[in-house]
Every structure is written in C-alpha cells, then in structure tokens.
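Please treat every number below as a calculation from the coordinates, not as lab data. All figures in this text were calculated on a predicted structure; none of them were measured in a lab. Positions of Cβ are backbone-derived with ideal geometry, glycine not excepted, and every protein chain shown enters the neighbour counts.
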Amino acid sequence: MATSQVWFITGASSGFGEAFARYALTQGHRVVATARDTGKIAALAALAPERALVQPLDVTRDGDAEAAVAAAVARFGRIDVLVNNAGYGIVGAVEETPVAELRAQMETHFFGAAAVIRAALPQLRSQRAGAIVNISSMGGQLSFAGFGAYSASKFALEGLSEALAAEVAPFGIKVLIVEPGAFRTNLAGASMKHMPELDAYRDTVGATRTFAHAMHATQAGDPAKAAAAVDRALRAAQTPLRLQLGQDALDAVRGHAEQLLCDLAAWTPVGAATAFDEAAA
Ligand code: NDP
C-alpha cells in the first residue's frame with residue numbers, strides 16, 4: 001500500500017468516523033470525510049484543507065455513494081482504505097421493535113455499507129490494491145436480549161464481508177471486519193434509539209436498557225486508539241479477517257466461540273447421524 005494513502009470514511013461527523021479521519025490526517029494521509037451533514041465536519045477538514053475532501057453521503061440515499069466515490073477519485077485519483085462506519089443503535093426486544101425500525105437498521109448497517117462497497121470496488125479493483133474496513137461490533141458475533149435488531153444488521157454485514165474477502169483477495173484487496181466493544185462515542189447517546197417498552201420484557205430487556213443508558217460517556221474504549229489498532233492490522237502482512245477491540249469484546253467473543261465449540265462437540269453424534277442410509281435404500 002502507498003505510504004501516503006487515501007482514506008474514505010462514512011459517518012465522519014462523530015465518534016469512530018471522526019477519530020479515523022483525524023488519525024489518517026495526522027499520519028499525513030489524504031482523507032475523504034463523508035457525512036449526512038457536511039457542516040459537522042468542516043472543522044475536521046480545516047485541520048489539513050489541502051489533504052481533506054468533504055463530501056455529503058447518507059449511506060441510505062440512492063446515488064450518494066457513487067457521487068462521493070467519483071468525487072474522491074476526481075480529487076485524489078485513488079482510494080486506499082474504505083471505512084464503512086456509519087451507524088446507530090437500537091435497544092428493544094424483537095416484539096418491541098416495529099418492522100420499519102428493523103428495516104431502517106438494515107438499510108444503514110447492511111444495504112448502506114453494501115452500496116458504498118459496490119460503488120468503490122471498480123476503483124479498488126483497477127488499482128489491484130486497497131482495503132475495505134467494515135465496522136461491525138462484538139454484537140456482530142453474538143447477541144443478547146434487547147440487541148436483536150442491531151445484531152441482525154451487524155451479522156448481515158459480517159456475512160457479506162466474509163464472502164467479499166474471498167472474492168477480492170485475488171485483486172490484492174484486504175477486507176477487515178472490526179468488532180469493537182464499548183467505545184466512548186455518541187452511539188449510546190444521541191445515536192441510540194430506544195423502542196417503546198412492553199412490560200413483559202422488563203426483566204430481560206430492562207437490564208440492557210439500563211446498561212445502554214449507563215454506558216454513555218463512561219465507555220472504556222478510546223476511538224483514537226481504535227483507529228491506530230485498525231491501521232496496525234491493515235499494515236500487517238497477515239491482516240486478520242476479524243479484529244476485536246477492547247477487553248470486553250475480546251472476552252465476549254472468546255466466550256461465545258468456546259460455547260459454540262462446546263455445543264458442536266456435545267451434539268456432533270446427533271448432527272452427524274442425519275445422512276441418508278444409502279446402504280439400506
Ligand atoms: P456515533 O454516534 O458517534 O457516530 C455515528 C456516525 O454514523 C455519525 O457520524 C452519524 O452521522 C453517522 N450516521 C448514522 N447514520 C448514517 C447514515 N444513514 N449515513 C451516513 N452517516 C450516518 O457512534 P460510533 O462512532 O460509535 O458509531 C460508528 C460505528 O461504530 C457504528 O457502525 C456502530 O455500530 C459501531 N460500533 C460502535 C461501538 C461503540 O461502543 N461506540 C461498539 C461497536 C460498534 P450524524 O452525525 O449525521 O448522526
């Protein structure tokens with residue numbers, strides 16, 4: 001990858017996106033900072049106006065991704081690192097979450113990211129180099145009561161990413177799925193939508209609602225360090241497919257993987273005994 005890279009970031013107006021943009025500018029890279037409201041990223045771009053391009057991009061709006069990618073290539077000639085970061089949270093039991101909210105969550109985290117990836121791929125393929133960083137979550141590997149909509153959308157993004165990684169590796173393009181734990185951004189504040197509550201879920205989802213409120217502004221994770229960690233993974237000769245960030249994510253994903261292997265081992269005889277008995281046919 002070139003020493004001075006071009007980073008293209010969605011949702012650069014806050015949290016991780018802003019931290020990725022700041023990090024890349026600090027490293028001397030060129031940055032395409034995109035946001036729904038470009039007014040929110042004017043100050044960020046002013047840090048290095050000659051190396052920053054501000055573009056409007058709502059990942060759910062048809063045509064925005066293509067226009068932003070075209071502007072990026074017109075200005076800088078290439079894209080080295082695409083960071084699909086735009087997102088928001090939903091807290092609510094499955095029954096508490098209207099289908100329209102489920103669809104909206106999928107539109108942003110899954111269809112939105114897919115649209116940006118599809119818009120950027122012709123350029124990345126023509127370069128025969130680059131990286132696609134998809135910001136998932138530890139909730140993209142596991143879930144718990146109240147996070148069904150959020151996890152469903154991140155699981156979908158992870159499935160797409162795993163296939164994509166195999167498809168674009170021959171073109172020299174890396175795919176990195178990032179699974180952060182709790183990081184100090186606006187996700188648990190203005191970016192968290194709480195669904196209307198049903199009393200029946202007070203004991204299960206209630207704890208998640210309290211946790212989501214309490215974590216705001218107290219999360220252990222530092223987004224600036226997350227940006228540096230992602231860059232380190234991208235620069236490695238063997239970039240992993242998944243990168244967990246934060247001790248909470250490391251512990252939760254490890255525990256979940258161990259439980260999966262434990263269940264698989266315990267039920268292997270049952271699962272393995274389901275083939276047709278060809279000899280008896
Ligand atoms: P923030 O709320 O700080 O930032 C979210 C960003 O996404 C904002 O810039 C917001 O823009 C933008 N955004 C939301 N919807 C759209 C859209 N339709 N089109 C373009 N931009 C959009 O939260 P985070 O920085 O934490 O969130 C970034 C990503 O990190 C998300 O995908 C989230 O799921 C993921 N994540 C966060 C974790 C955490 O603990 N913070 C943990 C695991 C994953 P606007 O300013 O216009 O609202």
Calculate the spin-label point distance for residue 194 paired with residue 48, positioning each point 7 Å from the Cα along the beta-carbon direction, and give it in nanometres.
4.0 nm
Could you calculate the FRET efficiency of residue 26 with residue 204 from 1/(1 + (r/R0)^6), where r is the beta carbon distance between them and R0 is 35 Å, rounded to 0.05?
0.20
Going by alpha carbons, how many degrees (0 to 90, nearest 10) lie between the helix axis of 15-26 and the longest principal axis of the chain?
40 degrees
Hey, can you rank 239-247, 267-275, 111-119 by average C-beta count inside 10 Å, highest first?
111-119, 239-247, 267-275
Most positive-pole-ward Cα, 204, 230, 247, against dipole of segment 170-248 from beta carbon charges
230
Expressed as an acute angle from 0 to 90° and rounded to the nearest 10, what is the orientation of the C-alpha long axis of helix 113-127 relative to the principal long axis of the chain?
60 degrees
With everything on Cα atoms, drop me the angle between helix 205-215 and the longest principal axis of the chain, reported from 0 to 90° to the nearest 10.
30 degrees
Once a ≥ b ≥ c are taken as the square roots of the eigenvalues of the Cα gyration tensor of the chain, is the result rounded (a/c under 1.5), prolate (a/b larger than b/c) or oblate (a/b not larger than b/c)?
oblate
Counting residues in segment 1-105 as N, plug N into 2.2 N^0.38 Å and put the Cα Rg over that result.
1.18
Provide the gained length on full extension for the span residue 66 to residue 264, in nm with one decimal, where the gain is 0.36 nm per separating residue minus the Cα-Cα distance.
67.0 nm
Cβ-Cβ FRET estimate between residue 273 and residue 166, R0 fixed at 45 Å, reported to 0.05
0.90
